[in-house]
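Input: a single structure, listed below in structure tokens.
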Amino acid sequence: MPVLVITGTGTEVGKTVVTAAVAATALAGGRSVAVLKAAQTGVGADEAGDAAEVARLAGEVTVAEVARFPEPLAPGTAARRAGRAPVRPGEVAEAAAKLATEHDLVLVEGAGGLLVRFDAAGGTLADVAGLLGAPVLVVTSPGLGTLNTTELTARELRSRGLELPGLVIGSWPGSPDLAARCNLADLPDVSGAPLLGAVPDGAGTLAPAAFRSAAPGWLAPALDGTWDTDAFVTRHGP
């Protein structure tokens, strides 16, 4: 099934921009792409959500949401406070599977980290990936503190028998500090997964045409891009 689940090690690590980069790269390769937001929180009914932002940056993708809640909280909490039914992992998996019958690639973007709860029963994005049998790409931050959250996320994926194809740094700084530079070697070590890209800080502010042109250069060949991991690490490492 052509589904890739995209999670982060936490909030504000660049999941949406990485999702847009993966989508833009796939589109450049001639593939049809759908982007499914499992649970959109923190935006009103008439506001553009994360899936719409992916489409703005990446181009002609099909966008869909399973549910939307107005407060910027974990999906389960936001649903409860809104007095609405929560998102269930089965619903997300069903929506993704349907999109997969009509597209070459379906990107399922989570909310926050891997184990953010969708409902009172404790359903998470990890459960969605398990139902789909889909690999989970992890978006992480480059700086101090990232090693712990990245390793915990990788361990949880493996404990569930889920495939972790690799990591993408969601916001690589223009002037990386020592921690960020050291983490280029340490992130693959603690996670047991390769680095598959680094999206530069501020990429989401680029004009869409510039974003689409640059996106393949931020991602490794495993994600259909041209990013050279070894060259990047050699250039930026300590």
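Can you spot a residue in the stretch 17-40 that is closer than 26 Å to residue 82 by Cβ and touching a Lys or Arg at 6+ places or on another chain (Cβ under 7 Å)?
Yes: the stretch 17-40 contains one or more residues that are closer than 26 Å to residue 82 by Cβ and touching a Lys or Arg at 6+ places or on another chain (Cβ under 7 Å).
Looking only at the stretch 214-238, filter to residues that are part of a helix (DSSP H, G or I) and over 20 Å from the mean Cα position of the chain (by Cα); which one of those is surrounded by the most Cβ atoms within 10 Å (Cβ to Cβ)?
Residue satisfying both the conditions and the ranking: 232.
Inside the stretch 1-96, counting only helices (runs of 4 or more DSSP H) that do not spill past its ends, which hold 2 or more residues that are modelled with pLDDT of 95 or more and among the polar types (S, T, N, Q)?
15-28
In contact (Cβ under 8 Å) with a residue 24 or more places away in the chain, open to solvent by 10 Å² or more (accessible area, probe 1.4 Å) and of a type in the set (Lys, Arg), is that true of residue 88?
Spelling it out, residue 88 is indeed in contact (Cβ under 8 Å) with a residue 24 or more places away in the chain, open to solvent by 10 Å² or more (accessible area, probe 1.4 Å) and of a type in the set (Lys, Arg).
Give me the residue from the stretch 104-123 that is open to solvent by 30 Å² or more (accessible area, probe 1.4 Å) and farther than 19 Å from residue 11 by Cβ and, out of that set, modelled with the lowest pLDDT.
Only one residue fits best here, namely 120.
Of all residues in the stretch 124-164 being assigned to a loop (DSSP other than H, G, I, E, B), under 20 Å from residue 198 (Cβ atoms) and hydrophobic (A, V, I, L, M, F, W, C), which is least open to solvent (accessible area, probe 1.4 Å)?
Step by step, filter the stretch 124-164, then rank; the result is 164.
Name the residue, out of 45, 34, that is touching a residue at least 12 places away in the same chain (Cβ under 8 Å), open to solvent by less than 60 Å² (accessible area, probe 1.4 Å) and either hydrophobic (A, V, I, L, M, F, W, C) or in contact with an Asp or Glu (Cβ under 6 Å, 6 or more places away or on another chain) (or both).
34
Considering (1) of a type in the set (S, T, N, Q); (2) open to solvent by 40 Å² or more (accessible area, probe 1.4 Å); (3) within 14 Å of the chain's Cα centre (by Cα), say which one residue 101 fails and leave the rest.
Residue 101 satisfies all of (1) of a type in the set (S, T, N, Q); (2) open to solvent by 40 Å² or more (accessible area, probe 1.4 Å); (3) within 14 Å of the chain's Cα centre (by Cα) except (3).
Collect the residues in the stretch 48-60 that are open to solvent by less than 20 Å² (accessible area, probe 1.4 Å), among the hydrophobic types (A, V, I, L, M, F, W, C) and within 19 Å of residue 92 (Cα to Cα), keeping them in residue-number order.
Answer for the stretch 48-60, where residues must be open to solvent by less than 20 Å² (accessible area, probe 1.4 Å), among the hydrophobic types (A, V, I, L, M, F, W, C) and within 19 Å of residue 92 (Cα to Cα): 51, 54.
For residue 215, are the conditions met, namely being small (Gly, Ala, Ser) and more than 20 Å from residue 6 (Cβ to Cβ)?
No.
The values are calculated or read from the model by the stated rules, or taken from the named source; none is laboratory data. If you're wondering where the values come from, they're calculated on a predicted model, not measured in any experiment. No Cβ is skipped: glycine too gets one built from the backbone with ideal geometry, and neighbour counts run over all protein chains shown. Please note that ligands, DNA and RNA were not included when accessible areas were found on the heavy atoms of the full protein model with its side chains. Shrake-Rupley method; radii C 1.70, N 1.55, O 1.52, S 1.80 Å.
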